[in-house]
Amino acid sequence: MRPFHTIIEPFRIKSVEALRFTTREERVAALARADHNVFKLHADDVLVDLLTDSGTGAMSSAQWGALMQGDESYAGSRSFYRFESAVRDLTGFKHIIPTHQGRAAERILFHTILHPGHIVPNNNHFDTTRANVEVEDAEARDLVIDEGRHPAVVHPFKGNIDLAALEALLDREGDRVPLVMVTITNNSGGGQPVSLANLCGVRALCDRYRKPFFLDACRFAENAWFVKEREEGQSGRTPRDIAREIFGLADGCTMSAKKDGLANIGGFLAMNSDAWAEQCRNLLILTEGFPTYGGLAGYDLEAIARGLEEVVEEPYLRYRIRSTEYLADKILNAGVPIVRPAGGHAVYIDARSLLPHIPPLQYPGIALVNALYTEAGVRCVEIGTVMFGLHADGTETAAALDLVRLAIPRRVYTQSHIDFVAEAVIHVAGMRDQLRGYRITAAPGALRHFTAAFAPLR
Ligand code: F0G
């Protein structure tokens, strides 16, 4: 037993960035200028920015130091080889293809291997993953376990894929499935982890039906920590060892280094197949750059290589997962409905339950997001009907859930920032009856949440 219980930030602060305080009136005006879409705000008008944990983390002094080591050679840069060996040591994959971020890896993989009519199963596709499948006229099918669809149900591995449903799909329509994907942790399903046992089950099915198995590995280290903490027989292992086993079960992965790469930009596509890798590299040259930089600077490759080492350190992961849970505990204890248990990188408020008087097609998530900004300057994101409700044929239905995600940037905010956020959420929940829905006044046909314009309903 440790003599002390407080889990402290396992770092001290060397460089700070001032926050700008605004008045409620200023925020009302800023939100109106932004068409009531927080993606269109000027970030200087945001006090605590929980829009995303992607690319928003603080790099370590070792990473900043590594930037100076960047080799900017167009071809064969030393930084690429350092990056390649860091990724290969961790994942074991044969081909390591750098990309400017995760969605570029998705686009290159799917454009290379998908044909119209194909089906890609996943626990839950993230929005860019789904869009990159659908743009190829293929279907993105979500097969998360039933517990993963119910916010209040507590389960240690709510991100697990439903193995029986996956088996039925492979059995009946296997000829339309070119690969199986699993997202760790399951961002669209509440940042919930996938167990090692479940991933072994996917591997066994992929072996039986001769399908490649790819991970969407953006938050692999957080997933590994949950396995260590929650899965029987895993507590004595290091997160790195668990992560290596997880990657070893797969045939490849897409990765956004903006999350568990602890970098501000970057990603990669990795795989064992020589044939697919060759085709992917050819497309990479067309759209991203030469295969030894893939749209990144040499210094970015250095930062990622170092980040992948830091992210699996135990003190970091213990603090990281606990700090998210700390926010979840505070607002849950005040009666705010959230996805339980807390996710790894974010707390997800169940906006549909909190605001039952706002129907899904009037976007309760947007109502909550905009109230949190107006009242407290906290920016977060809807993961619900605006993000997922519009279909390729132009019809709109309620998404499975209307969630609001408070994503925690890595190593950026301290406990008092999080205490403030909890206070803000509890304050807004207290005025829930006054919140009203929204309608969309303009939106593109895909990924509309980024740019849609909203008008408040009275
Ligand atoms: N897959 C998952 C599970 C993600 O969460 C993201 C990004 C991507 C793929 C795409 O990666 O942004 O580097 O192109 N998620 C961010 C978020 C944007 O806010 O959750 P990217």
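The values are calculated or read from the model by the stated rules, or taken from the named source; none is laboratory data. Here the structure is a predicted model, which is why all the values come from computation and not from measurement. Backbone-built Cβ (ideal geometry, glycine too); neighbour counts: all protein chains shown. When the accessible area is computed, the model is the full protein with side chains, heavy atoms only, and any ligands, DNA or RNA have been set aside. Shrake-Rupley method; radii C 1.70, N 1.55, O 1.52, S 1.80 Å.
Among the residues making up region 130-143, those that are within 13 Å of the ligand (Cβ to nearest atom), modelled with pLDDT of 95 or more and of a type outside the set (Gly, Ala, Ser) are Asn132, Val133, Asp142.
Quick check on this structure: which one of Ile304, Ile285 is open to solvent by 60 Å² or more (accessible area, probe 1.4 Å) and over 25 Å from Arg379 (Cβ atoms)? One residue alone meets the criteria, Ile285.
Looking at this structure, is Thr287 polar (S, T, N, Q), in contact with a strand residue (DSSP E or B) (Cβ under 8 Å, 6 or more places away or on another chain) and within 16 Å of the ligand (Cβ to nearest atom)? When the stated conditions are applied, Thr287 does not pass them. Evaluated against (1) open to solvent by 10 Å² or more (accessible area, probe 1.4 Å); (2) closer than 12 Å to Gly344 by Cα, Asp207 falls short on exactly one condition, (2).
Scanning region 352-361 for residues that are in a helix (DSSP H, G or I), open to solvent by 10 Å² or more (accessible area, probe 1.4 Å) and not basic (Lys, Arg) yields Ser353, Pro360, Leu361. Of all residues in region 249-278, those that are touching a residue at least 24 places away in the same chain (Cβ under 8 Å) and open to solvent by 10 Å² or more (accessible area, probe 1.4 Å) have Cβ atoms under 8 Å from Cβ atoms of residues that are near the ligand (Cβ under 8 Å from one of its atoms) and of a type in the set (S, T, N, Q), 6 or more apart or on another chain, in Lys258/Ser54; Lys258/Gln101; Lys259/Ser54; Ile265/Gln101.
Residue by residue, here is whether (1) modelled with pLDDT of 95 or more; (2) away from the ligand (no atom under 14 Å from the Cβ); (3) touching a helix residue (DSSP H, G or I) at 6+ places or on another chain (Cβ under 6 Å); (4) more than 21 Å from His449 (Cα to Cα) holds:
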site	(1), (2), (3), (4)
Ala18	yes, yes, no, yes
Glu25	yes, yes, no, yes
Arg33	yes, yes, no, no
Val38	yes, no, yes, no
Ala43	yes, yes, no, no
Leu50	yes, no, no, no
Asp53	yes, no, no, no
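If I ask for residues that are over 20 Å from Thr129 (Cβ atoms) and assigned to a loop (DSSP other than H, G, I, E, B), which ones from region 223-262 would you list? If the condition is that a residue be over 20 Å from Thr129 (Cβ atoms) and assigned to a loop (DSSP other than H, G, I, E, B), then Glu231, Glu232, Gly233, Gln234, Ser235, Gly236, Arg237, Thr238, Leu262 are the ones that fit.
Of the helices (runs of 4 or more DSSP H) lying entirely inside region 362-458, not one contains at least 3 residues that are free of Cβ contacts under 8 Å to residues at least 12 places away in the same chain, among the charged types (D, E, K, R) and open to solvent by 50 Å² or more (accessible area, probe 1.4 Å). Within region 115-126, being within 16 Å of the ligand (Cβ to nearest atom) and open to solvent by less than 10 Å² (accessible area, probe 1.4 Å) holds for Val120, Pro121, Asn122, Asn123, His125.
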